[in-house]
Amino acid sequence: MQIESFESHPDRYQHWKLTVDGDIATLVMDVQEGDGTEKPYILKLNSYDIFVDIELADAVERLRWEHPQVRTVVVTSGKDRIFCAGANIPMLASSDHAFKVNFCKFTNETRLAIEDASATAAQGYLCAANGVASGGGYELALACDEIVLVDDRSSAVSLPEVPLLGVLPGTGGLTRVVDKRKVRRDLADYFSSLAEGVRGQRAVDYKLVDATYKLSKFEGKVAERARAMADARLGKPDAAPVEWAPVPVEVGADGGRRYTHLDLRVDRGARTAEITITLPDDAGPTDAAAAQAQGVSWWPLATFRALNDALLHLRFNIREVGTLVMRVKGDPQVALAADAVLAGDAWFTTEARHYIRRVLKKVDVSSKTFIALAEQGSAFAGTFFELALAADRFFMLDDAEGDGVHVAPSPLNGGAYAMGNGLTRLQTRFLDDEAAVNAVLERAGELLETQKANDLGLVTFAPDDIDWDDEVRLAIEERASLSPDALTGMEANLRFAGPETLETKIFGRLSAWQNWIFQRPNAVGPEGALKAFGGPTQPVYAWERT
Amino acid sequence: MAAIDYDSKIPNNVDLGNDRRLQRALEAWQPNFIDWWMEMGPEGFQQDDVYLRTAVSVDRDGWAVFGHVKMPDYRWGIFLTPLEDDRKVNFGDHMGDPAWQNVPGEYRNVLRRIIVTQGDTEPASVEQQRMLGHCAPSLYDLRNLFQVNVEEGRHLWAMVYLLHRYFGRDGREEAEALLARRSGDQDSPRILGAFNEPIDNWLDFFCFTTFTDRDGKYQLRALAESGFDPLARTCTFMLTEEAHHMFVGQTGVQRILTKTAEIMKSGDPKKQGAIPIDMIQKHINLWYSLSLDLFGGEDSSNAATFFGAGIKGRDREHRLDEHTALDQYYAMPKPGADGKVAVEDVPLRRAMNEVLRDAYVEDCEKVVKSWNRALEGAGCDLRLTLPSRRFHRQQGLYEGLNYDPDGNWMTAEQWAARRDEWLPSKADRDYVRSLMTKAVTEPGQFADWIDPPARGINGQPLEFEYVKFCRHGA
């Protein structure tokens, strides 16, 4: 299935309603069972598919930019006695494996974006579960800061995936129950194998929800809590909102995409794509106000919005391409000048930094090989240097006799763009070697020639102009010939050295096990649980455990 | 840096004069090669003028130009047979694709390994033979030894060319390593076992050039089929030179046989300074079995990979009818725990090492047959045989098992008790060495244990001064 666009707008939402009242916003989920297009499933009971989540992702992002004054986002349901039934099961059962994996990754990124908004934009999320929150529905609740559940003697929260579907709650449910909400592991175990879930006071006692209110008092209590949450979150932004306008793009016949500052070229035969970022000749605005005046057209922001869009299309729509060659062209000084603006603490530039951080994390969890190439006229500098650090391999031309090829660290490489493991890319690269990290950061603002960069441990290989073409060609061809599955696993292991976080557990442990289960006959075989769900027969399992 | 006239210094047909990559690589490598040659090449003869053939082009007139030359001044060249228009990969999974003019990324590592393994044998044999000149049986033989040595050096160049031209930095590092390993060195030995055995007498040398260089012939033939076109063309040209090396070996052994047969007519050869036939048989057993090991495992996934990838074909693959080798099986004898051998069907691609070994064995049988004809012609009733291919193997299915030369299994103790009946004993080696204590350096003269050849080199008489000693010269 091809996804035409990953963008949306509240005017076009089919499944959500976004209202904003002062510093409190409300997101009402009211999923349309069919959207008029031909689909092999019906979205009953506020269950969701990728299009429902694309709208949610848009809302979460848009709230930060267009409604920066909002301090509480209430997430609730427009349906009676049902909050959300999670991902639609016939949708999952009818999807191929790769789509399921992409779907889960996208929804996980959206849940993490909710938590990120709370942590870095002071926008708290309050889940008002006015009905059953099951599976992915409860996982959506878990992404919120607070969960209140209606006590109508029937509405429960549940993770019925294991007992009913023979799969995992794959959107962070298991991780958040124990890691975030600190539910005791034995109770979590009981809860996670109980199809009907837990309701009322017991749900509070288990710490699965924060409070439960009688139906008659529910609305009032939610409003009270929303007000309290907003009041507890101080610091109103000093600037006007920014319109979260669509990303301008021209789409080529081959799936290539041309954005204002980024060009994606696809070679399906070679299973490779080239992502080339071209910096403007002039760095443009020199302060945050001037940058904000340009809004989403401010080129650093526009560039990373383009990268975000390109990555989503590569994941969902250009699956046979496994190797991405990344270049940044231009004057490194332009990138450093932009970093000087980005580094400020104005609301707009702070938001831009956080946005760029989230897009860079998308690079980290994309199941594609990234090879960064620095040739003549290359500008892996500051924020853009993160792309070289995020790459699986970084080739830098040793151009001793020419004008030289440079990379340039900036102070932003020292903390602005934490990875999912909580460390910077430099810290992850030089794990437990603070001296090596500092040696790079001490040179912030300097243009480092290839040999210097190589000495600092920033370069994988530094061929000279004679070797360059062949070395690079061989590396790319060789990479493109290896098992894509093995590479995905290898990269996911090597990219995230260092500590575990909720995020690394979700993308590592939870997703990896889920993706394994998604391939197993016990889930997807003809008698597997996912296939049998909703049918007349019980699943038949192969009982071996190792 | 002074410009170097590459094309005159290094004869080549690879446009070296315009290839910066090659020039840069060779600038560093070439002096190291000369250092290696002076240190590990023929000991004691570097200042002498040797009547050598040099390849200056791949034409009929150019590939063998004769003249006296000091070995360090030998013009080691780089030659590939000319490019063939529209050559295709002619076997394996890529059959029908255009032959690769560049290394395909997915096969970079296997190709490099194959080229390094082949390349490593070339300097190794020079190292093994470096002291032999001091006990040469004639100037004719001394010259042949040096001819073999400089051409092995050129074959090293040929492999280094491929590494330098097509494998970038890794290739340069591997090329350096080819000069750093040493035959028989404890810490840094040559890659293959047979190339770490010392060759300190001429019977070993002739057996080596008969059997081990013949392995080289079959490896080169298999690689001459390669879908990686530069490798195929390099190996095709190397084969033209390799033929002389096998000629040196085969006629060398034959000249010893006829001499021994002659002497046997008047009594015990050992008492008259000749090499007895059974002692020659033991040397054949040794070098044949060591050379069989070089083909690799009988049932080999590597072999299947190389064939499937179109990197290494069969002997004269282009003459065969079927080139996928799929859905076909090779009836392969395999030994069980008790040494008993049972035939098992192995997918043909996995058996490619054995297929190549079969062609080699057949070729070796012809050599032995011609030696036996020579014995017959010399009036000797004794005959030579090739041992079973299970005998004395240190590679593959028969490694660690003990078989006599007829292929009968036995215990390690039984085998050890009879070892000296089948392989050169210390006494045998000492005896052979005792015949070769000093070189025969008079033109036209030959040692007592070997006959003169039928004719000289390049139409020159046997009395020709094939090596001019310049001990007191400049």
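Read-outs: derived from the displayed coordinates by stated rules, not from any lab. These figures come from a predicted structure and were not determined experimentally. No Cβ is skipped: glycine too gets one built from the backbone with ideal geometry, and neighbour counts run over all protein chains shown.
Placing a label point 7 Å from the Cα of B:Q414 along the Cα-to-Cβ direction, the residues of the stretch B:333-349 whose backbone N falls under 11 Å from that point are B:339-340. Would you mind getting me the FRET efficiency between A:T19 and A:A228? Use the beta-carbon distance for r and R0 = 22 Å, nearest 0.05. Efficiency for this residue pair is about 0.70. Helical runs assigned H by DSSP (4 residues or longer) give chain A a calculated mean residue ellipticity at 222 nm of -11500 deg cm²/dmol, each run adding -39500 (n - 2.57) before division by the residue total. From least to most packed, judged by other beta carbons within 10 angstrom and beginning with the fewest, A:S192, B:S57 follow the order B:S57, A:S192.
Per DSSP helix of 4 or more residues, -39500 (n - 2.57); summed, then divided by the residues of chain B. What does that give at 222 nm, rounded to the nearest 500?
So the helix-based figure for chain B works out to -15000 deg cm²/dmol.
Counting only DSSP beta bridges whose two residues both lie in the stretch A:10-232, roughly 25 percent are antiparallel. Extending 7 Å from Cα along the Cβ direction at A:D267 and again at B:A243 yields two label points whose distance is 4.2 nm. What shape does the protein assembly as shown have by the C-alpha gyration tensor, where a ≥ b ≥ c are the square roots of the eigenvalues, rounded means a/c under 1.5, and otherwise prolate means a/b greater than b/c and oblate the rest? Note, shape of the protein assembly as shown comes out prolate.
With the dipole of the protein assembly as shown worked out from charges on the C-beta (+1 for Lys and Arg, -1 for Asp and Glu) around the Cα centre, which of B:L326, B:A439, B:A55 lies farthest toward the positive end? Of the options given, the answer is B:L326. Computed on the stretch A:361-494, with alpha-carbon pairs under 8 angstrom and 6+ residues apart, the relative contact order is 28 percent.
In order along the stretch B:209-221, the phi-based Karplus estimate (6.51 cos²θ - 1.76 cosθ + 1.60, θ = phi - 60°) of 3J(HN,Hα) comes to 5, 6, 9, 6, 5, 6, 4, x, 4, 6, 4, 5, 5 Hz; Gly and Pro are listed as x.
Here the dipole of the stretch A:425-490 is about 320 debye; that uses its Cα centre as origin and unit charges on the Cβ of Lys and Arg (positive) and Asp and Glu (negative).
With the charge dipole of the stretch A:249-487 set up from +1 on Lys and Arg Cβ and -1 on Asp and Glu Cβ about the Cα centre, the Cα lying farthest toward the positive end among the listed residues A:G414, A:N438, A:A462 is that of A:G414.
Placing a label point 7 Å from the Cα of A:W513 along the Cα-to-Cβ direction, the residues of the stretch A:153-184 with a backbone N closer than 14 Å are A:161-163, A:166-179.
Would you order B:S370, B:S138, A:S216 from fewest to most other beta-carbon atoms within 10 Å of each residue's own beta-carbon?
A:S216, B:S370, B:S138
Cα centroids of the stretch A:16-55 and the stretch A:172-231: 23 Å apart.
Distance between the pseudo-spin-label points of B:D406 and A:R185 (7 Å out from Cα toward the beta carbon): 7.0 nm.
Let a ≥ b ≥ c be the square roots of the eigenvalues of the Cα gyration tensor of chain B; is it rounded (a/c under 1.5), or, if not, prolate (a/b larger than b/c) or oblate? Because a/c hits 1.5 or more and a/b fails to exceed b/c, chain B counts as oblate. Taking a point 7 Å from the Cα of B:K366 along the Cα-to-Cβ direction, the residues of the stretch B:202-235 with backbone N closer than 17 Å to it are B:210-222. The Rg/Rh ratio of the stretch A:276-327, with Rg taken over Cα atoms and Rh as the Kirkwood radius over Cα pairs, comes to 1.11. Distance from the C-alpha centroid of the stretch B:91-163 to that of the stretch A:259-322: 50 Å, rounded to the whole angstrom.
Put in line by how crowded their Cβ is, counting other Cβ atoms within 10 Å and starting with the fewest, A:L312, B:L179 read B:L179, A:L312. Each Cα pair under 8 Å and six or more residues apart adds its sequence gap; the mean of these over the residue count of chain B is a relative contact order of 19 percent.
Cα centroids of the stretch B:413-474 and the stretch A:77-100: how far apart, whole angstrom? Between the Cα centres of the stretch B:413-474 and the stretch A:77-100 lies a distance of 86 Å. Judged by the ratio a/c of the largest to the smallest principal axis of the C-alpha gyration tensor, the stretch A:10-232 counts as rounded, that ratio being less than 1.5.
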